[in-house]
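Below: one structure, written as structure tokens.
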Amino acid sequence: MSDTQRTVGRLVKAPENFLAKDDAKSPETMRRKFLAAGAATAGLGLAAAAKAASNPVSGKGDPNILNLPEHTTGLGMPVAANGYGVPSKYEKGLQRRESPGLTRVSAASVAFTPLQGTFGIITPSGLHFERHHQGWWDIDPSKHRFMINGMVKRPKVYTMDDLMRLPSVSRIHFIECGANTAMEWGNVAVPTVQYTHGMVSCSEFTGVPLSALLEDCGYDKKNGKFVLAEGADGSSMTRTIPIEMALDDVIVAYGMNGEMLRPENGYPLRLVVPGVQGVSWVKWLRRIEVGDQKWATKDEAIHYIDLLPNGMHRQYSGIQEAKSVVTSPSGGQLLLDKGFYNITGLAWSGRGKITRVDVSADGGKNWRTARLETPVLTKALTRFNIDWSWDGKPAILQSRAIDDTGYVQPPVQLLREVRGTRSIYHNNMIQSWRVAESGEVSNVQVS
Ligand code: MTE
């Protein structure tokens with residue numbers, strides 16, 4: 001298996017049977033084996049355990065001395081050894097990854113979230129996907145300024161201190177790049193869920209509602225129809241947002257998952273536009289202008305538009321429709337044995353809440369309704385789980401999301417009928433994972 005495929009998650013039911021093959025001799029596996037043996041010993045009582053010490057646990061040494069591991073007998077690490085906590089060394093395979101050859105330079109590329117290895121709905125900040133058009137910056141917050149101008153009575157320039165003393169809100173939302181799943185429009189193109197769907201992440205964002213700042217500047221309530229958001233990087237990232245949306249749930253955010261934004265995600269200030277494709281979530285936000293018409297900037301006239309089968313382009317299609325994906329078992333993973341598995345995945349909708357997720361193990365012939373884990377929040381990732389007993393025969397796993405508008409995630413052929421095969425953005429087709437008799441899971445498209 002290649003290094004990237006090895007980023008697969010763990011299919012663990014019992015200690016070693018359910019581990020990916022190439023994990024079988026890893027320290028993690030050895031630890032699990034040890035724990036299983038240790039648990040057996042614990043039930044024996046001390047005397048019996050001491051007697052047994054010569055074989056099952058240590059396998060050597062004085063039968064009267066328990067050969068306990070160092071972590072139960074020695075002194076552990078001191079507090080604050082990592083002033084800022086980092087994951088265990090055994091978890092170093094779980095990384096954001098760039099798809100090799102996708103763009104000419106990494107500064108204008110994307111690093112995908114390893115969805116196969118995350119739990120629940122929150123993406124750890126260090127694994128949040130990154131998409132930059134011209135690289136990222138670590139901007140000094142004391143020098144950063146944010147301006148509101150255009151059709152306002154009182155144009156203003158805010159410092160970060162000005163913004164952080166205002167009343168704040170914290171909300172959990174997904175962000176999905178409009179180009180997520182872009183490579184799969186024509187054919188199966190990439191092997192793992194990290195690359196098919198890893199341009200979606202979900203965090204708790206904290207900041208000031210844009211509506212409060214627009215009020216503060218006295219925006220023109222009669223004629224102000226749109227706002228333009230502008231970033232401070234060299235990509236000239238500017239995006240039009242309808243004023244109703246700006247006044248609804250848009251946040252001028254400085255916080256992410258309980259701390260300041262990470263530089264890659266727009267530190268010290270970014271726009272959070274719930275439900276809308278990631279490009280409108282302008283990073284290193286420096287300006288909002290109020291206007292009376294759409295700006296048709298390069299990133300809304302040339303890019304982030306949908307090429308339809310009749311050759312026309314669809315513009316301003318920013319809301320991310322309902323979508324879901326099984327994250328485990330998923331492409332690149334390996335089922336080592338038949339029997340019980342927990343099928344798990346994520347569902348989201350830019351229009352509101354997920355109300356139902358159906359899962360099929362036979363390529364869409366039969367569907368069962370999955371369990372939605374709480375919390376189920378509006379415009380946030382929703383975790384689903386469902387039991388599955390694999391009989392060892394080939395299977396095709398799929399999930400289908402339904403949101404509170406009644407919208408149903410489409411199968412690939414239906415989406416292609418309407419959208420063609422030459423689009424880049426807004427591919428929310430039902431994803432299929434084929435489980436082969438060998439247990440190998442791969443990316444397929446079924447009609
Ligand atoms: N904002 C600026 N200033 N520059 C950028 O390159 N990329 C956009 C958007 N905001 C971008 C930007 C795109 S295309 C996406 S998908 C999201 O940021 C990605 O946000 P993330 O890197 O925090 O995941």
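The values are calculated or read from the model by the stated rules, or taken from the named source; none is laboratory data. Only a predicted model underlies this, so the values are computations on that prediction, with no experimental measurement involved. FYI the Cβ positions are ideal-geometry reconstructions off the backbone, even for glycines, and counts take in every protein chain you see. Ligands, DNA and RNA are stripped out before the accessible areas are found, and what is left, the full protein with its side chains, is counted by its heavy atoms. Shrake-Rupley method; radii C 1.70, N 1.55, O 1.52, S 1.80 Å.
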Crossing angle, helix 27-42 versus the chain [Cα axis fit, 0-90 degrees, rounded to tens]: 50 degrees
Per-selection Kirkwood Rh - the chain (Cα, Å, 1 d.p.): 24.1 Å
Ordering of 286-296, 329-339 by packing [mean C-beta count within 10 Å, highest first]: 329-339, 286-296
Net +/- balance of residues flanking Pro394 in space, Cβ distance below 9 Å, scoring K and R +1, D and E -1: +1
Pairwise FRET efficiency - Asp140 versus Ala80, Cβ, R0 = 30 Å, nearest 0.05: 0.70
R0 of 56 Å, Cβ-Cβ distance Arg154-Lys338: FRET efficiency to nearest 0.05: 0.25
Burial order of peptide ranges 82-94, 397-409 (average beta-carbon count within 10 Å, highest first): 397-409, 82-94
Cβ-defined net charge surrounding Gly345, 12 Å radius [Lys, Arg +1; Asp, Glu -1]: +2
Semi-axes of the equivalent ellipsoid for region 260-389, Cα gyration tensor, largest first, Å: 36, 20, 14
Region 323-444: C-alpha pair distances exceeding 22 Å, %: 34 percent
Calculated FRET value between Asp404 and Glu440, using beta carbons and R₀ = 56 Å, to 0.05: 0.90
Area accessible to solvent at Thr355, 1.4 Å probe radius, in Å²: 80 Å²
Whole-Hz ³J(HN,Hα) from phi, Karplus 6.51 cos²θ - 1.76 cosθ + 1.60, for region 257-265, glycine and proline x: 6, x, 9, 5, 3, 7, x, 4, 9
Protection proxy ranking, peptides 242-250, 412-420, average beta carbon neighbours within 10 Å, highest first: 242-250, 412-420
Cβ-defined net charge surrounding Val290, 9 Å radius [Lys, Arg +1; Asp, Glu -1]: -2
Aspartates and glutamates with Cα under 13 Å of Lys393, excluding same-chain neighbours fewer than 8 positions away: Asp337, Asp362, Glu437, Glu440
Straight-distance crosslink candidates among aspartates and glutamates, where the alpha carbon sits under 16 Å from Lys221 and sequence neighbours closer than 8 are dropped: Glu244, Asp248, Glu289, Asp292
Whole-number percent relative contact order across the chain, with pairs defined as alpha carbons under 8 Å at least 6 apart: 15 percent
Over region 129-202, relative contact order from alpha-carbon pairs under 8 Å, at least 6 apart, %: 28 percent
Inter-label distance for Glu244 and Asp387, nm, one decimal - labels placed 7 Å from Cα along Cα-to-Cβ: 4.6 nm
Under 14 Å from Lys92, Cα to Cα: aspartates and glutamates that are on another chain or at least 8 residues apart: Asp3, Asp23, Glu28
Carbon and sulfur %, accessible surface of region 94-314 computed with the full protein complex present, 1.4 Å: 54 percent
Flagged links, alpha-carbon separation over 30 Å, of Lys89/Lys379; Lys338/Lys365; Lys156/Lys298; Lys156/Lys323; Lys225/Lys298; Lys156/Lys225: Lys89/Lys379; Lys156/Lys323
Helical contribution to [θ] at 222 nm, DSSP H n ≥ 4, -39,500 (n - 2.57), averaged over the chain, rounded to 500: -3500 deg cm²/dmol
Heavy-atom surface of the chain, accessible at 1.4 Å and reported per residue (Å²): 47 Å²
Fully extended contour minus Cα-Cα distance, from Gln293 to Lys222, at 0.36 nm per residue: 24.3 nm
